[in-house]
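S.K.: This is the structure, below, for whatever I ask next.
Every read-out reported here was derived from the displayed coordinates using simple, explicitly stated rules and does not represent laboratory data. The shown structure was predicted, so the numbers you read here are calculated from the model rather than taken from an experiment. Glycine gets a Cβ as well: all are built from the backbone with ideal geometry, and neighbour counts include every protein chain shown.
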Amino acid sequence: MNNPQLNARGELQHLLSVEGLPRETLLHILATADSFVGLTDRDVKKVPLLRGKSVFNLFFENSTRTRTTFEIAAKRLSADVINLNINTSSTSKGESLLDTVDNLSAMHADMFIVRHASSGAPYQIARHVTPHPHLHVVNAGDGRHAHPTQGLLDLYTIRHYKKEFSQLSVAVIGDVLHSRVARSLIHGLTTLGVPDVRVIGPKTLLPAGVEQLGVKVFHDMNKGMAGVDVVAMLRLQNERMNGPLLPSAQEFFKSYGLTPEKLALAKPDAIVMHPGPMNRGVEIDSAVADGPSSVILPQVTFGIAVRMAVMSILAGN
Ligand code: CP
């Protein structure tokens, strides 16, 4: 089947989803990110790989980490960065998404970084710009579907702390049903050969048929946490829930909140990740979020190098 992310030569044309990306492509992105982590370690702030290119941040949904780290990453690659303020743009006057894209393309855009509440919006843009092969689209989170650069930075973080993927047990915990982060991470883990990927959550927050993604399902967190190397917590996505799926946030925390006691069931050197924004006391206890196992802030920092890698590869470097 035609992969909308790859061009005829099998090279990355757009980054829309981790699902469907070859293992070699994932490893190439992680290896390229290594070189950018090294650069920033050496205090070399800028490289000219995107000099003369215009990167447009189109965030139709709120963001702190993704929007800002894309901006930092693009600037470190020497691109011109334009942050479209959606609230004051002509979108608020009824202009369609594709008309907005056409107008920005007429301003010589080279790359669109798109976050949208509708699953599939970045695909729609990628299809629309097909006649312009110099244009690239990066999905920065679409509905509950995919958040590929978050999945990639999660993979980068895991590899940084655990070195290789082939012996790992990873638990993804919480609101998997509404989580684009979970889907991208799970596809990445299974593509890279992680033998034991678990999802833990109440029935109401796990997608029907989630086993088909190659994961083991646990409803009892105490059982699911046993002996894992990586604990990936998820935010309760209240904004995407249609009606009450949980008795209360307090009840959820009792059963599925990550406390020091529950973390003690994992391996002693287990790492704890969270994509942010965190709801302390709902899905994670502050003692864990700020504790020695937490790699939540390093995830954010690695996100810069991973996003530099993605943009640099898309631009043909
Ligand atoms: N993880 C993540 O996507 O965070 P933001 O919503 O702040 O971008």
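S.K.: Give the Rg/Rh ratio for region 74-221, taking Rg as the radius of gyration of the Cα atoms and Rh as the Kirkwood radius, to two decimals.
M.R.: 1.05
S.K.: Go ahead and run the numbers for FRET between residue 130 and residue 28, Cβ-Cβ distance against an R0 of 22 Å, rounding to 0.05.
M.R.: 0.40
S.K.: On to the next question. About its Cα centre, what dipole magnitude does the chain give when the only charges are +1 on Lys and Arg Cβ and -1 on Asp and Glu Cβ, stated in debye to the nearest 20?
M.R.: The calculation lands at about 220 debye.
S.K.: Mean 1/r over all different Cα pairs, inverted: what Kirkwood radius does region 190-261 give, in Å?
M.R.: 13.6 Å
S.K.: Over 22 Å between C-alpha atoms is what I'm after, so list which of 163/262; 216/262; 163/223; 163/254; 45/162; 203/262 land there.
M.R.: 163/262; 163/223; 163/254; 45/162
S.K.: Rounded to the nearest 20 debye, what is the charge dipole size of region 148-295 about its Cα centre when +1 sits on each Lys and Arg Cβ and -1 on each Asp and Glu Cβ?
M.R.: 200 debye
S.K.: Could you give the length gained by full extension between residue 204 and residue 259, i.e. 0.36 nm per residue of separation minus their alpha carbon distance, to one decimal place?
M.R.: 17.6 nm
S.K.: Using Cα-only point scatterers and the Debye equation, what is log10 of I(q)/I(0) for region 148-295 at each q in 0.10 Å⁻¹, rounded to two decimals?
M.R.: -0.29
S.K.: Where a ≥ b ≥ c are the square roots of the eigenvalues of the C-alpha gyration tensor, would you call region 1-94 rounded, which needs a/c under 1.5, or, failing that, prolate if a/b is larger than b/c, or oblate?
M.R.: Cα axes put region 1-94 in the oblate bin.
S.K.: So which residue, out of 107, 225, 233, gets the largest mean-square fluctuation from a GNM of the chain using Cα contacts under 10 Å as springs?
M.R.: Looking only at 107, 225, 233, the largest GNM fluctuation is found for 107.
S.K.: Still on this model: From the phi of every residue in region 82-89, what ³J(HN,Hα) in whole Hz does the Karplus formula 6.51 cos²θ - 1.76 cosθ + 1.60 yield, where θ is phi - 60° and glycine or proline is x?
M.R.: 10, 9, 6, 7, 4, 5, 10, 8
S.K.: Still on this model: Computed FRET efficiency, Cβ-Cβ of residue 278 and residue 219, R0 30 Å: what is it to the nearest 0.05?
M.R.: 0.85
S.K.: Return P(r) of the chain (all Cα-Cα pairs; 10 Å bins starting at 0; whole %; ordered from short to long distances).
M.R.: Binned Cα distances yield the sequence 6, 28, 34, 23, 9, 1.
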